[in-house]
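Taking it in order: structure first as structure tokens, then the write-up.
The values are calculated or read from the model by the stated rules, or taken from the named source; none is laboratory data. Note that the structure is predicted; figures quoted are calculated from it, not measured. Note that each Cβ is placed from the backbone with ideal geometry, even for glycine, and that neighbours are counted across all protein chains shown.
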Amino acid sequence: MTAEEIKSAVTMTEVLERYGVKVGRNGMACCPIHGEKHPSMKVFPDGYKCFACGANGDVFRFIQEMEGCDFKTAFKALGGTYQAHSTSMTRANSRKHYERLRAKKQKAEEHEREFRHILDGTIQLCQSMISFSEPLSDDWCDATNCLQWLWHVYEVKYLEGEEVDEVDVLRTYRKIRQRYVAVGGSAE
């Protein structure tokens, strides 16, 4: 049986009864972990919580506390079994794992190429806007400021290797492209 199968098959009350602990109708019991005379442990179908000593957990944790053992021993005490994986199964899982990693890496590389293309395109739009607009006009000033910011983004991302907010670059691209088209540039 697996851990989940054990949890669904064995209630906390059944485990407590194995240790001679009686659970009242209100779900309260005397905590056997710290040995008390008045009930202070609330018993749930899938676990327990002692309000006096703070002990809490599931059926596995309770057995670990009572027996002073590790999870594996508690798991086996409740009827759990471990299945050894065959070599072919391990190889198949390993192969799938590396295929997923490779696909993830390819997706990240594709995303990086797309971002680099957008960043380069936005820089080119700003440069075109600067050469196309009248010096010191609002469009010229905005394009100059955006170009300075984009060079900073480029430096941070590609020279210093830090993360940048790609959404800001996309917003800037859309804003500059709209203004560029509005002043008479071609919408490539």
Item checked: Of all residues in region 15-25 being surrounded by 15 or more Cβ atoms within 10 Å (Cβ to Cβ) and either hydroxyl-bearing (Ser, Thr, Tyr) or touching a helix residue (DSSP H, G or I) at 6+ places or on another chain (Cβ under 7 Å) (or both), the one that is farthest from ALA74 (Cα to Cα) -> VAL23
Checklist line | Residue in region 98-110 that is of a type in the set (Ser, Thr, Tyr), under 32 Å from the mean Cα position of the chain (by Cα), surrounded by fewer than 17 Cβ atoms within 10 Å (Cβ to Cβ) and farther than 30 Å from ASP168 by Cα present | finding: yes
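What is the residue count in region 47-64 for residues that are more than 28 Å from the chain's Cα centre (by Cα), surrounded by fewer than 16 Cβ atoms within 10 Å (Cβ to Cβ) and not small (Gly, Ala, Ser)?
Counting residues in region 47-64 that are more than 28 Å from the chain's Cα centre (by Cα), surrounded by fewer than 16 Cβ atoms within 10 Å (Cβ to Cβ) and not small (Gly, Ala, Ser) gives 3.
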Notebook entry, point to check: Within the set of pairs 6+ apart or on separate chains, which have a first residue in region 8-34 that is more than 12 Å from PHE62 (Cβ to Cβ), a second that is modelled with pLDDT under 90 and of a type in the set (Lys, Arg), and C-beta atoms under 7 Å apart?
Noted result: CYS30/LYS37
Notebook entry, point to check: Does at least one position in region 63-81 carry a residue that is farther than 30 Å from VAL167 by Cα and in contact with a strand residue (DSSP E or B) (Cβ under 9 Å, 6 or more places away or on another chain)?
Noted result: yes
Margin query: Could you check region 40-77 and list, in sequence order, the residues that are at pLDDT below 90 and among the basic types (Lys, Arg)?
Written below: LYS72, LYS76
Note to self: Can you confirm whether GLU99 is acidic (Asp, Glu) and more than 30 Å from GLU4 (Cα to Cα)?
What the structure shows: no
Next item on the list: Identify the single condition in (1) assigned by TED's automatic domain parsing to the domain that holds THR13; (2) under 24 Å from ALA3 (Cα atoms) that THR90 does not satisfy, given that it satisfies every other one.
Entry: (1)
Notebook entry, point to check: What residue, of MET12, MET28, MET41, is within 19 Å of MET1 (Cβ to Cβ) and surrounded by 14 or more Cβ atoms within 10 Å (Cβ to Cβ)?
Noted result: MET12
Notebook entry, point to check: Any chance region 122-137 includes a residue that's in contact with a helix residue (DSSP H, G or I) (Cβ under 7 Å, 6 or more places away or on another chain), touching a residue at least 12 places away in the same chain (Cβ under 8 Å) and surrounded by fewer than 15 Cβ atoms within 10 Å (Cβ to Cβ)?
Noted result: yes
